[in-house]
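Beneath this line is the structure, given in structure tokens, with notes to follow.
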Amino acid sequence: MIAATGILNTLIEEDSQVVSPAGKKFYGIPFPGVYVLDEGGLVAEKFFNRSYTTRDSAGILLNSALGEVLKPEGTPETGFGNEQIEFSAFLADPQLMLEYNSMLYVRFTVPEGLHIYADPLPDGFIATTVEVNPTEGLTIGEPRYPPTEVMAFPALDVELPVYGGNVDVAIPITANADILNWTNPDKPDSIELGIDVRYQVCSDVFCYLPKLEHLTMSVPLGELIR
């Protein structure tokens, strides 16, 4: 079945003498991954990673399969709001598991008649950015920004990329072994995330001052992979 589905680890030859610490031969193991089947049993999506120790979390798989970002019940969350904008940061999963790729989302809610800018922009305009502060024990990927709208500003004779309505920015995040020894009962139960959100809210005729908000969120750490 492993060979038939094309996931046989061909880097290990059949006559290889490489064995695991338990004395078992490595030949015949698959490249680990996940197949998502549709209602007819056909493969709709595949999720594979270069490292055999890494998996995609249940939250990532579910969001990809459904084509939308869900906020699971009980997931870590923090937020900010004022008269011009609201945004919240939440995890795709209730907790981080060792070497499971998860996703941190920052969801903006921009009132009707207002917008926030996106890159690329000329000098003098502030783009919306999200940055997760470096944290020992976490591998943090590059933010993934959604598609933008193009808005015309006749008074300035320019067209600029903007966001409006509900906007989700996604940041890949993975807990790694540097969070101490996961088999140690003294390992931390959670880890603190610092998230910097920069934005500038504008209408078609005026802009509020640029803002930088810092969010802090405590994320639970799960048990060692079983």
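Just so it is clear, none of the values below were taken in a lab; they were calculated from the coordinates. Predicted model only: the values in this text are computed from it and were never measured. All Cβ positions, even for glycine, are placed from backbone atoms using ideal geometry, and neighbour counts span all protein chains on display.
For the range 140-223, GluC sites (Glu not before Pro) meeting the loop criterion (DSSP other than H, G, I, E, B) and having at most 14 other Cβ atoms within 10 Å: Glu223. Start at zero, step by 10 Å, and the Cα-Cα distances of the chain spread as 7, 26, 27, 21, 12, 5, 2, 0 percent across the bins. In the chain, a dipole from Cβ-located charges (positive for Lys and Arg, negative for Asp and Glu) runs towards its positive end, and of Thr5, Val162, Pro134 it is Thr5 whose Cα lies farthest in that direction. Can you compute the label reach from Tyr208? Point 7 Å from Cα along the Cβ direction, backbone N cut-off under 19 Å, restricted to the range 137-171. Once the point is set 7 Å along Cα→Cβ of Tyr208, 162-169 turn out to lie under 19 Å by backbone N, inside the range 137-171. Here the range 55-220 is treated with +1 on each Lys and Arg Cβ and -1 on each Asp and Glu Cβ, and its dipole about the Cα centre works out to around 180 debye.
Principal axis analysis of the Cα atoms in the range 41-136 yields extents of 47, 37, 31 Å, listed in decreasing size.
Exposure proxy for Arg144, Arg50: other Cβ atoms within 10 Å of each Cβ, ordered fewest to most, give Arg50, Arg144.
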